[in-house]
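Colleague: Quick one: structure below, then a few questions.
The values are calculated or read from the model by the stated rules, or taken from the named source; none is laboratory data. Values in this document were obtained by computation on a predicted structure and should not be read as measured data. Here the Cβ is made from the backbone with ideal geometry for all residues, glycine too, and neighbour counts use every protein chain on show.
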Amino acid sequence: MPHATGRVDAAHAVVFAPLDGAGRAELVEQRLTDAIVSGVLRDGERLPSESELSRSLGVALVTAREALEGMRDKGLVRTRRGRDGGSFVTYDREQASRMLARRLAAHSRIELRDLALHVGAIAGTAAEVAAGRASDDDLESLQTIAGNADLSSAGGARRAVSRFQLEVAAISQSPRLVHEEIRLQAEAGPLLWLCLREQEYRDRSASARGEVIEAIREVRPEAARRATIAHITSAFEWLVHERLRVDAEGRGEASGIGQEGSA
């Protein structure tokens, strides 16, 4: 089974994987927006053409066009005409932060926990199975991903998580696990891995990869599963605390507006 390492950029493969269900422009826009604000698609990066986007996501050409138009209206994409033209990412850190805060606020703690449980179940199972099936070449691939991880930015750390988890799923030799890992990374990854904005959690992520590699090397399936789930649980706990902080800031701003209005 093809592995992600050295053949495709796993994070980009997730972004441009086919959408499940009806191909609405809102879904395409959300997928690309998540990739931009999480740092997977970088400022100035050229996006696929409308026709390429429609093919990779499995949507109609008009749907891809509408999604890009919506993103241009929000200032997330700019389009340049001519031979060297195309649609390019325009990343604004403050705007991205506001978007992620709104998305986080839209999820309850129960929804976040359920999301983490689902992601953990898939990634944990993939790691468990991979521990019994990995070859020396597979271990080398995992070590290469871990060694080349860019921990200097949230986007770099996010790409490392994406590549590593997809490679583990590929090593499990289960097409269904690979497909579900891709789907969940696109759906949940941008939110779940918000903790990677902090260097402490980037370092934790690197340590978790080391634990998983060691467990796979020693053929300890349960240990590989535990290390994977612990990594995801840590991200979930950060997310819950971040949501509480965002809620508190929102209440504080509302209180300030109320006091101004009564002055």
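Colleague: Any idea which of (1) hydroxyl-bearing (Ser, Thr, Tyr); (2) surrounded by fewer than 21 Cβ atoms within 10 Å (Cβ to Cβ); (3) under 19 Å from Val37 (Cβ atoms) is the one Ser234 doesn't satisfy?
Modeller: It fails just one condition, (3).
Colleague: Just to be sure I understand the filter: pairs with C-beta atoms under 8 Å, separated by 6 or more residues or on different chains, first member in the stretch 183-201 and surrounded by fewer than 19 Cβ atoms within 10 Å (Cβ to Cβ), second member of a type in the set (Gly, Ala, Ser). Which pairs pass?
Modeller: Arg183/Ala17
Colleague: Hey, another quick one. Just name the residue that is surrounded by the fewest Cβ atoms within 10 Å (Cβ to Cβ) out of those in the stretch 167-181 that are of a type outside the set (Gly, Ala, Ser) and within 22 Å of Leu139 (Cβ to Cβ).
Modeller: Of the stretch 167-181, the ones of a type outside the set (Gly, Ala, Ser) are 167-168, 171, 173, 175-181.
Remaining after also requiring within 22 Å of Leu139 (Cβ to Cβ): 167-168, 171, 173, 175, 177-178, 181.
Values: Glu167: 24, Val168: 33, Ile171: 27, Gln173: 14, Pro175: 11, Leu177: 20, Val178: 22, Glu181: 27.
Within the stretch 167-181, the match that is surrounded by the fewest Cβ atoms within 10 Å (Cβ to Cβ) is Pro175.
Colleague: Go through the stretch 34-61 residue by residue and tally those that are more than 20 Å from Leu151 (Cβ to Cβ) and crowded, with 21+ Cβ neighbours inside 10 Å.
Modeller: 6
Colleague: For the stretch 20-44, what are the residues that are at pLDDT 80 or above and more than 12 Å from the chain's Cα centre (by Cα)?
Modeller: Arg24, Ala25, Glu26, Leu27, Val28, Glu29, Gln30, Arg42, Asp43, Gly44
Colleague: Let me ask something additional. For the stretch 50-106, enumerate the residues that are β-branched (Val, Ile, Thr), within 19 Å of Leu27 (Cα to Cα) and outside any loop (DSSP other than H, G, I, E, B). First the steps, then the outcome.
Modeller: Applying the first criterion (β-branched (Val, Ile, Thr)) to the stretch 50-106 yields 59, 62-63, 77, 79, 89-90.
Checking which are within 19 Å of Leu27 (Cα to Cα) leaves us with 59, 62-63, 77, 89.
Across the stretch 50-106, the qualifying residues are Val62, Thr63, Val77, Val89.
Colleague: Follow-up question, since we're still on this one. Within the stretch 110-148, restricting attention to residues that are surrounded by 19 or more Cβ atoms within 10 Å (Cβ to Cβ) and under 23 Å from Thr33 (Cα atoms), which residue is modelled with the highest pLDDT?
Modeller: The selected residue is Val119.
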